[in-house]
Structure formats: C-alpha cells, structure tokens
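Visitor: Okay, here's the structure, questions in a sec.
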Amino acid sequence: MNKATVINNLNPLFMKAIAHRGYFNDQDTENGLHAFKNAIDHNFAIELDVHLTKDNQLMVCHDEQLKRTTGKEGIIEDLTVDEIKKGYHLLDGEEVPTFQEVLNLVKEQVPIVVELKVFRKNYKPLAKRLKEELENIKDKKNIMLISFDPRSLLPFRKSGYMRSLLVAKSHLYTYMFRHLFESVDLEYVLFEKKRIANYHKRHLVNCWTIQDEKTLDFVLPYTDTITFQKMDCDLVRNKLLSKNS
C-alpha cells in the first residue's frame, strides 16, 4: 500500500504528532487517564501500550512490570484486573487503566496508536482480545496498531486498521518484515541509514521517541510524523505543520 493510500486511511491528527503514553508530565503519570485527558485537551493523537492480564483483559501500561509506574512489584500478565485495581496505583494516585476505560474517556475525540506488548509469546491471545475490544470503534481511521513483534499484527490483515511495524536499532533484523505491513515506526537513531531514508519516499514512516528540538530537526526530513514526549507540544506541532505544508 503506497504512502498516500495509508495516510488517507488515517485520521489527519496522526500526521500532526503523537503524544507518547499520553501527554504526561511530572504531575500526571504516563499511560494514565490524566495524561490521556491532557492529550485530548491539546488535540493530539495518543500512543499507549496494552498488556493481557491473567483473566484475559487489556491493561494499559508501558512495562509488563508495574514497579516503575506504581512503585510496587508485579507483572501484569500474572495478575487479574481486580488484583491490579485493588493492589496498585499510579504514582499520581490514579488507577492503572484498562484499555476499555481509555476508550470510554477518549470517545474517538482524538486517534489512538495502540502498541501490542507481547509477553511470553502471547501474541495470538493478545491480538484476539484487542480485536474484541475494538469492535465498537465507529471510525477505523481513529486507530493505528503497532508492535515490535510482527506476529501480533498479522491477525489484523484486512481488518481495516492501519498497522505499523516498530523497529529498534537493537532489533534491526525485524526491518526485513516491513513489507508485510502498511508502514514502519522507527527508532530515531535509524535515520542515519540511507536505505531507511529512501524507504520514506514511498512509504509512511513514523519516528519514536523525540524528546528535544535538536533530534526533531534531525529526523524531520526522513519522517512523516513523530511520537514525542516531554516537549512543548506547540513547538512539535508547528514544526510538523511547517514541514508538511
């Protein structure tokens, strides 16, 4: 699928930058409802991460380990939703949200990039559960699916959702699977490679995760949009608008 077709199948807000784990800050913990509300208020697309719990539900958290964002040890895949809700709270005091709670908050006001976090090779049940939870999405242009594990994205072929393969410098071999998906989502350090710069000419490319203006200026010639955090959102938006105008 060529770049123009992919872009046409996405909410235009995806092309105006994506708030990594919500628009979080020192007061509002990443991947929490407060951070997602901040993104909505600033009219930014949201990126978030989903894990499959022990009782086959989707929780939103970047790591499988809850320690960093809650201060308490625990692996999401080994716990039920009830155990997480009762025993863990984000550092800002709010609950660790389920994916459904995030969908209920967002209500398709802004689009969402959903990263499937595969753990212990659970890519099949993870994808199956996400498919079920996306059944009530009214406009498929509001959802983009990403993952480092290409196996978790394969079940969404012909689903109507655009998929992007995450590629990191540490796992560059996965880049060979790029043609199986509609786009790629690349770590910013990879833009030093000429073959990746050339790929951008005909295919949609997102870049993650930009945290300063210098890096943003470096990647802008090689990417169509960016995922950012801890930056002035107006600066990011204006730079992308200037590039794409």
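The values are calculated or read from the model by the stated rules, or taken from the named source; none is laboratory data. Note that this is a predicted model, so its numbers are computed, not measured. Heads up, the Cβs are rebuilt from the backbone with ideal geometry, glycines too, and the neighbour counts pull from every protein chain shown.
Visitor: Go through Q109, Q100 for me and flag whichever is in a loop (DSSP other than H, G, I, E, B), more than 30 Å from L172 (Cα to Cα), in contact (Cβ under 8 Å) with a residue 12 or more places away in the chain and not charged (D, E, K, R).
Guide: Result: Q109 is the single residue among Q109, Q100 that is in a loop (DSSP other than H, G, I, E, B), more than 30 Å from L172 (Cα to Cα), in contact (Cβ under 8 Å) with a residue 12 or more places away in the chain and not charged (D, E, K, R).
Rundown of residues vs (1) under 28 Å from G160 (Cα atoms); (2) surrounded by fewer than 16 Cβ atoms within 10 Å (Cβ to Cβ); (3) of a type outside the set (A, V, I, L, M, F, W, C), yes/no style:
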| residue | (1), (2), (3) |
| --- | --- |
| N2 | yes, yes, yes |
| F14 | yes, no, no |
| I18 | yes, no, no |
| F24 | no, no, no |
| N31 | yes, no, yes |
| F36 | yes, no, no |
| D49 | yes, no, yes |
| L66 | no, no, no |
| F99 | yes, no, no |
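Visitor: Hey, another quick one. Which is out of contact with any Gly (no Cβ under 8 Å at 6 or more places or on another chain), part of a helix (DSSP H, G or I), closer than 22 Å to M1 by Cβ and at pLDDT 95 or above, of R178, R237, R195?
Guide: R178
Visitor: Identify, from the list S164, S152, the residue that is of a type in the set (S, T, N, Q), part of a strand (DSSP E or B) and surrounded by 21 or more Cβ atoms within 10 Å (Cβ to Cβ). Explain how you work it out, then say what you get.
Guide: Numbers: S152 fails: part of a strand (DSSP E or B).
Being of a type in the set (S, T, N, Q), part of a strand (DSSP E or B) and surrounded by 21 or more Cβ atoms within 10 Å (Cβ to Cβ) holds for just one of S164, S152, which is S164.
Visitor: Still on this model: Given the condition in a helix (DSSP H, G or I), under 14 Å from A39 (Cβ atoms) and in contact (Cβ under 8 Å) with a residue 24 or more places away in the chain, answer yes or no: does some residue in region 78-97 qualify?
Guide: Scanning region 78-97, I find no residue that is in a helix (DSSP H, G or I), under 14 Å from A39 (Cβ atoms) and in contact (Cβ under 8 Å) with a residue 24 or more places away in the chain, so the answer is no.
Visitor: Can you name every residue in region 209-224 that is within 18 Å of K193 (Cα to Cα) and not charged (D, E, K, R)?
Guide: Within region 209-224, T209, I210, T215, L216, F218, V219, L220, P221, Y222, T223 meet the criteria.
Visitor: Shifting gears a bit: Quick one: how many residues across region 59-74 are touching a residue at least 12 places away in the same chain (Cβ under 8 Å) and over 18 Å from the mean Cα position of the chain (by Cα)?
Guide: The qualifying residues number 5.
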